[in-house]
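Enquirer: Let me begin by handing over the structure; questions about it come next.
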Amino acid sequence: MGLTTQDIRQLAEWLAATDIDFLELQGPDVQVRIHREGAPAATAEHLPQPSQAVRAAGLGILLDRIPGRGTPLVSPGMDIQAGDLVALLQVGPLLLPVRATCDGQAGEWLAAPGSTVGWGTPLLGIESS
């Protein structure tokens, strides 16, 4: 079962009602890319890449700290290990953990904390130590 023209129109309307600039859906028989008019049609592979990057496992708002706490979970140059909590994705009232994928040093944020990110978006660079 593929997407109909009406399905794509509905997705475009939903996208227009958000602050998300780009949406990509891929299935066995279909690939759809929709971007907001005037927004760059950038995908994750067009962003500058460090040696490793922590990527979003879903859609949400990127948080660099636990709400109500002033200290970020990681700062550039901080030593981190695979599995360390480095960020949170806020999806409605849920806070989902974002964990380091390898050992190294935290690099720069590749997505701005507070921004809405989608699946596969590079969030944080990790430089191998």
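Just so you know, all these numbers are worked out from the coordinates, no wet-lab data involved. Keep in mind it's a predicted model, so treat the numbers as computed, not measured. Positions of Cβ are generated from backbone atoms using ideal geometry, with glycine treated the same way; all protein chains shown enter the neighbour counts.
Enquirer: Just subtract the alpha-carbon distance of residue 33 and residue 85 from 0.36 nm times their residue separation and send over the number in nm, one decimal. Please report the intermediate quantities before stating the final value.
Expert: Numbers: separation 52, 0.36 × 52 = 18.72 nm, distance 3.09 nm.
Full extension from residue 33 to residue 85 adds 15.6 nm.
Enquirer: Another question, if that's okay. Report the relative contact order of the stretch 53-129, percent, no decimals, based on alpha-carbon pairs under 8 angstrom and at least 6 residues apart.
Expert: Values: 187 pairs, mean separation 31.8, N = 77.
Over the stretch 53-129, the number comes to 41 percent.
Enquirer: For a quick protection proxy, order the peptides 121-127, 52-58, 8-14 by their average other-Cβ count within 10 Å, most packed first. Intermediate results must be reported in sequence, preceding the final value.
Expert: Working: 121-127: 21.1, 52-58: 18.7, 8-14: 12.4.
Ranking the peptides 121-127, 52-58, 8-14 by packing returns 121-127, 52-58, 8-14.
Enquirer: Then there's this: Name the residues of the stretch 51-70 whose amide N is less than 13 Å from a point 7 angstrom out from the Cα of residue 24 along the C-beta direction?
Expert: 56
Enquirer: Per 0.36 nm of contour for each residue apart, how much would the distance between residue 14 and residue 75 grow if the chain were fully extended, relative to their Cα-Cα spacing?
Expert: Working: separation 61, 0.36 × 61 = 21.96 nm, distance 3.45 nm.
Gain on extension, residue 14 to residue 75, equals 18.5 nm.
Enquirer: Right, another one. Using 0.36 nm per residue, how much length does the chain from residue 5 to residue 103 gain when fully extended, once their Cα-Cα distance is taken away?
Expert: 30.8 nm
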